[in-house]
Amino acid sequence: MKLFYRRGFHATGIDTILAEAGVAKMTLYNHFKSKEELILVALQRHNELFRRWLTERVALSATEPRQRLIALFSVLEEWVAGGDFNGCMFINASAEYADPADPIHAAAAEHKRLVLNYIRELAVDAGVPDPDRLAMELTLLMEGATVWAQTTGDTTVAAAAGVAAATLVDRAFSSDNPATGLNPTHASN
């Protein structure tokens with residue numbers, strides 16, 4: 001899993017995998033029919049580990065439901081500033097396997113849907129009037145910050161995204177938010 005994350009999927013050859021794992025080619029192929037099957041298992045495992053880490057770190061960072069929405073970005077900051085950050089393994093996978101029908105691309109897309117659903121659950125727990133909208137907005141901020149940190153090496157972007165997220169969360173509860181139905185400019189006369 002770490003080899004794919006550090007080097008990429010296509011760039012990591014079977015010989016490199018075998019050397020890192022310390023197994024014979026026959027042993028590898030007894031467990032996995034192909035390199036692509038191995039990649040799918042690695043993505044599944046990384047999905048489980050990352051989402052567990054994310055939910056645990058957010059829960060430890062904030063006790064109030066509304067604050068957990070903001071805590072997503074301090075956790076994001078922790079991740080992108082970490083010494084082993086090489087971007088998002090799922091963004092990388094979807095870029096290398098660009099066909100949406102490819103099982104590897106589909107696994108990457110499923111991970112993104114699961115993270116979006118988690119953020120939506122946080123929004124529902126916080127009592128946001130339109131949890132779908134806020135979840136999508138926060139997810140887009142997180143994804144943008146992740147890609148920016150990966151491509152530029154600028155890890156301060158997560159903190160900047162956190163400031164923007166706080167604004168979005170405040171707006172989600174505001175009477176100026178069209179989702180609440182309380183915006184005076186939209187009231188009928």
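Take the solvent-accessible surface of the protein heavy atoms, probe 1.4 Å, and return the percent of it on the chain that carbon and sulfur atoms account for.
55 percent
Among the complete DSSP H segments of the chain, which ones combine at least 18 Å of alpha-carbon extent along their axis with a mean Kyte-Doolittle hydropathy of -0.5 or more?
Span-like helices, by this rule, are 35-61, 65-80, 103-126, 131-152, 157-173.
Which lysines, on any chain, are close to Lys35 with Cα under 18 Å apart, when same-chain ones fewer than 8 places away are left out?
Candidates past the 8-residue exclusion: Lys2, Lys25.
Roughly how many debye, to the nearest 20, is the charge dipole of the chain about its Cα centre, given +1 on each Lys and Arg Cβ, -1 on each Asp and Glu Cβ, and no other charges?
Dipole about the Cα centre, nearest 20: 360 debye.
Calculated from the structure, Kirkwood radius over Cα pairs in Å equals which of (i) 18.8; (ii) 18.3; (iii) 16.9?
It is the one labelled (ii).
Tell me the accessible surface of Glu78 in square angstrom (1.4 angstrom probe, heavy atoms of protein chains only), to the nearest ten.
The value for Glu78 is about 80 Å².
At 1.4 Å probe size, what's the solvent-accessible area of Arg6? Round to the nearest 10 Å².
For Arg6, solvent-accessible area is about 130 Å².
Per residue, how much accessible area does the chain show when a 1.4 Å probe rolls over the protein heavy atoms, in square angstrom?
I get 54 Å² per residue for this part.
With a 1.4 Å probe and all protein chains in place, put Tyr29, Tyr118 in order of accessible area, largest first.
Result, largest first: Tyr29, Tyr118.
The values are calculated or read from the model by the stated rules, or taken from the named source; none is laboratory data. From a predicted model like this one, the values you see are computed outputs, not experimental measurements. Reconstructed Cβ throughout: ideal geometry from the backbone, glycine too, with neighbour counts over all protein chains shown. Quick note on the areas: whole protein, heavy atoms, side chains included, nothing else; ligands and nucleic acids left out. Shrake-Rupley method; radii C 1.70, N 1.55, O 1.52, S 1.80 Å.
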